[in-house]
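See below for the structure under consideration.
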Amino acid sequence: MSHFITVPTNENGVYFDPTQGGLIDEAVADSPFAFQDFFLYSHGWSTDADQSMVNYSQFSVELARQILILGALQPPPFANPPSAALGVGLHWPSEITEDPNSPLNAGQLFTFYTMEHRADAVGKNAAYAILRQILRARAKGSALSTRLYLLGHSFGCKVICAALQDLQVDIAGGTISVPDGTTFRVVLLEPATDNDNLEATDIYGAVSQIADLRILITKSAKDVALGTWYPLAGRAVNLFNPRAALGSAGPTADTVTAFGGSAAISVDTGFSASALAGVTSRLVVADLTPVHEARVAQGDFTGGGFAGSHSDIYFSEVYNMVCGFLFS
C-alpha cells in the first residue's frame, strides 16, 4: 500500500495549513497504515505549485513503475523493494509569484540568492520537521522498520541537506533518537550547492556523520545552469574564488574523505539498475553526461536552452539508477 501527499509551505518552511503536522503524525503512526518506507521529495528553483505537482506525479509514478518492472525480473536486481510506502512532496515558494502569467516573474533570474537561502530555511523547518515526526513516532516503541528515502533536485538538494544537517546536530545533542534499523538513502539530482558544502567543516558537514546514510550525487557536463551560470552567480559574493556547483564538478576530495571514500558510475543509454549491485560506498557519484549527450543527439531532449540538461531527469535510465541505488 502506497500513498502520496503534498505539503505546501511558506518562504520560511512553515506549513500553510496548521493541521498538516497532525495529519503527518497520523500517517506515520504504526496503525492503521503501517508504513515502513518514507519518500521525501523537494523540487528546486523556479517551480510553481502546479508544476511541482506535475513533476512529483511524473517522477513518483515512473519510479514506482520501474520498481514493479524490476521486481518482476527473475532474479530481481534488488532484495528489498518498498511495499508500504508514504511519499511526501514539499512545495515551497521558489518563484516570485505562483502566477505563471505575472509580469513580476520576469525578474526571476535576480532571485538566485534569495531562493538559495530560502531552500535552506525550508529544509531546516519543513523537511526537518517531517523527518523528526517520523523518527519520534518510531522511537515510541514501534515494531516497524524505518527506511527514509530523500530525493532533491537543484536547490531542492539544499532543502534535503539542510534538513539532514540539523537532524544530525540534534541526534548528536541527544534531543532526538534514531531507532535501531533506521536507514537513510539520499539522492541529489544535479545539486545546486557548492561542491564543498558536504565537507566536514562546511554548512552540511554533519550529514556524513549520520549512521547508515548513503548518498548518490549526479553531475553532468551538459548541465549549463550549474556548469556556466552557477559560478558566474557566485562571483557576486566571491569575486576571486567562486565555487563550482556540486552537480557540475562533483564532490571535493575532502567530501569524499568525510564519507570514507566514494564510488563512481557512468550513466549511458540503456543503463540498468543492476550496474549498482554490490556498490556499497556511502557516497556514489553518477555522471549523467553520456546519457544527456545521447538524449540531445537522438532528439529525446531539445537541449534545455539556458539551463542545458539541468532538469532532464525524467527518463528510464535515471529511474533505473535511483532504483539500483536505493534498493540494492
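With both bridge residues required to lie in segment 2-327, what share of the DSSP beta bridges run antiparallel, to the nearest 5%? Roughly 5 percent of the DSSP beta bridges within segment 2-327 come out antiparallel. Extension gain, A297-Q74: 0.36 nm per intervening residue step, less the Cα-Cα distance, totals 76.9 nm. Cross-link partners of K219 among lysines, defined as those whose alpha carbon lies under 18 angstrom from its own and excluding same-chain residues fewer than eight positions apart: K158.
Looking at segment 138-266 alone, DSSP beta bridges between its own residues are antiparallel in about 10 percent of cases.
Which helices count as membrane-span-like in the chain under these terms: full DSSP H, at least 20 Å along the axis by C-alpha, Kyte-Doolittle mean of 0.5 or more?
Going by DSSP H runs, the hits are 156-173.
How big is D for segment 56-191, in µm² s⁻¹ as a whole number, if Stokes-Einstein is applied with the Kirkwood radius of its Cα pairs at 37 °C and 0.692 mPa s? Here the translational diffusion coefficient equals 191 µm²/s. Farthest toward the positive end of the dipole of the chain, out of G305, I69, G234, is the Cα of I69, where the dipole comes from beta carbon charges about the Cα centre. Counting other Cβ atoms within 10 Å as a rough exposure proxy, the listed residues S248, S311, S328 run S328, S311, S248 from fewest neighbours to most. With a point put 7 Å past each Cα toward its Cβ, work out how far Q58 is from R136 in nm, to one decimal. In this crude label model, Q58 to R136 measures out at 3.6 nm.
With each run of n ≥ 4 DSSP H residues scored as -39500 (n - 2.57), what mean residue ellipticity at 222 nm is computed for the chain after dividing by its residue count and rounding to the nearest 500 deg cm²/dmol?
The per-residue figure over the chain is -10000 deg cm²/dmol.
Projecting the Cα atoms of A277, V159, I5 onto the charge dipole of the chain, computed from C-beta unit charges around the Cα centre, puts A277 farthest toward the positive end.
Got a sec? How would L40, L213 order by Cβ neighbour count within 10 Å, fewest to most?
Sorted ascending by nearby Cβ count, the order is L213, L40.
Once the chain from Q209 to S266 is taken as fully extended at 0.36 nm per residue, the excess over their C-alpha distance is 17.9 nm.
Rounded to the nearest 20 debye, the dipole size of segment 2-327 about its Cα centre is 560 debye, using +1 on the Cβ of Lys and Arg and -1 on the Cβ of Asp and Glu. Distances between placed amide hydrogens fall under 5 Å for H91 paired with V7, T9, all partners being 5 or more residues away or on another chain. Taking a straight line from the alpha carbon of K124, these aspartates and glutamates sit under 17 Å away, with near neighbours fewer than eight places off in the same chain left out: E11, E116, D166, D170, D202. Sorting H3, H292 by the number of Cβ atoms found within 10 Å of their own Cβ, with the fewest placed first, yields H3, H292. Its Cα gyration tensor gives the chain an equivalent ellipsoid, and the semi-axes of that ellipsoid, as √(5λ) in whole Å with the largest first, are 28, 24, 21.
For the pair H117 and D99 in one chain, pulling the backbone fully straight at 0.36 nm per residue adds 4.3 nm over the alpha carbon distance.
Any read-out appearing in this document is the output of simple, stated calculations on the displayed coordinates, not a laboratory observation. Bear in mind the structure is a predicted one, so any value in this text is a computation, not a measurement. Here the Cβ is made from the backbone with ideal geometry for all residues, glycine too, and neighbour counts use every protein chain on show.
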